[in-house]
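Taking it in order: structure first as structure tokens, then the write-up.
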Amino acid sequence: MPPAGAQASSGALRMTPGRRVALAVGVPVALALIGWTGFNLITTVSRGSYPFSYTVPVEDGQVAVTISAGNVAVREAVGSSTARLTGIVQYGLVRPGISESNTPTGVNIGMNCDAINSNCAMNSSLDVPARTAVTLWSNGGDVTASGFSSGMTLSAGGGNVAVTDLSRDVQLDTGGGDLSANGLTGTINVGTEGGNVNASDWSGTGIIRVDTGGGDLNANGVTGNFQLAAEGGNVDVSGMNSGSVNLDSGGGDVTLVFAQAPQNLFISAEGGNVTVILPPGKTTYNLSLPDTQGGNVSYPSSLVSSKSLDKITIDSSGGDITISQG
């Protein structure tokens with residue numbers, strides 16, 4: 001018997017208009033979520049793969065390829081006269097196809113992934129004959145390359161780029177990913193659009209141009225005239241052998257360690273701190289500090305002479321400035 005004053009249960013839950021609406025909306029949503037979760041589980045467990053191989057034309061000593069998915073490793077094919085893209089496609093429940101088309105700018109290779117078959121990936125290698133210039137666009141995947149001497153243009157479209165020992169005309173763009181580049185020689189143009197740059201042993205002919213788009217630059221061993229826009233990132237370069245340096249950190253801190261006396265050094269830090277360490281010796285510099293805005297400034301007077309032909313201009317816009325000799 002229920003306690004005194006309590007009403008006995010009527011058994012069935014009374015269906016109010018609000019409850020009917022909740023059931024009408026909630027049940028289909030719940031079933032859809034259950035179905036989608038199950039589908040994702042099936043596609044994850046039911047993994048398949050298959051290899052692929054495509055011949056890529058070499059025209060006038062150049063190869064140009066656009067790859068719409070996956071990571072790409074560029075390798076030199078010793079003893080070969082043709083270029084070839086090979087790799088593995090991995091997929092879930094539905095096997096995706098690979099598309100290939102030739103355009104005036106090169107070969108386009110893509111993978112037909114969609115919302116139903118989103119659990120797919122492609123990893124490939126581009127084998128290129130020796131003494132062949134390479135132009136490669138990868139739409140989001142990582143790109144690696146090593147040991148090319150005929151020029152290379154790489155764009156990762158958001159992925160990371162890692163290269164070593166490239167020479168001649170070298171152009172690298174990650175589209176936002178990080179970039180690691182060691183042993184570059186020749187004409188050097190680097191852009192990350194926000195990613196960090198880690199570099200060593202660069203020797204440029206003409207001007208070395210770097211635009212990090214906001215990322216940091218860490219480098220050791222830079223020879224050649226140098227132009228940098230960090231757009232807010234920090235800059236830390238040691239072993240500089242650069243007669244001319246034009247650097248805009250966009251607000252980040254700047255540290256430059258010179259192995260050779262610069263002839264023309266211009267730094268705009270836009271609020272960041274600046275540290276310049278000059279090489280030992282009796283070289284003096286015509287120093288200009290147009291806008292410190294209250295930042296602390298420190299340098300030995302023995303390094304400064306208004307008659308010197310070697311110029312240093314630092315605009316910190318409020319950051320501290322420290323100049324010394326190593």
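The numbers here are math on the coordinates, done by the rules we state, and not lab data. Because the structure is predicted, anything quoted here is derived from the model rather than measured. Backbone-built Cβ (ideal geometry, glycine too); neighbour counts: all protein chains shown.
Placing R0 at 51 angstrom, the Cβ-Cβ distance between Ser244 and Gln90 gives a FRET efficiency of 0.55 after rounding to 0.05. Kirkwood's formula applied to the C-alpha pairs of the range 218-326 gives a hydrodynamic radius of 13.5 angstrom.
Sorting Arg47, Arg84 from the fewest to the most surrounding beta carbons within 10 angstrom yields Arg47, Arg84. Note on Asn296 and Ser203: with the Förster distance fixed at 45 Å, the Cβ-Cβ geometry gives a FRET efficiency of about 0.80. With kT/(6 pi eta Rh) evaluated at 4 °C and eta = 1.567 mPa s, and Rh the Kirkwood radius from Cα pairs, the range 225-277 diffuses with a coefficient of 121 µm²/s according to Stokes-Einstein.
Derived from the Cα gyration tensor, the three semi-axes of the equivalent ellipsoid of the range 50-97 are 25, 11, 10 Å, largest first. Less than 9 Å Cβ to Cβ from Ala269, Lys/Arg counted +1 and Asp/Glu -1: what total charge do the surrounding residues give? Once all neighbours under 9 Å are counted, the net charge is -4.
Rounded to two decimals, the Cα-based Rg/Rh of the range 131-283, with Kirkwood Rh, is 0.98.
With r as the distance between the Cβ atoms of Thr103 and Thr164 and R0 = 30 Å, compute the FRET efficiency 1/(1 + (r/R0)^6) and round to 0.05. It comes out at approximately 0.50. Here the label points at Gln260 and Ser146, each 7 Å from Cα along the C-beta direction, are separated by 2.9 nm in the simple model.
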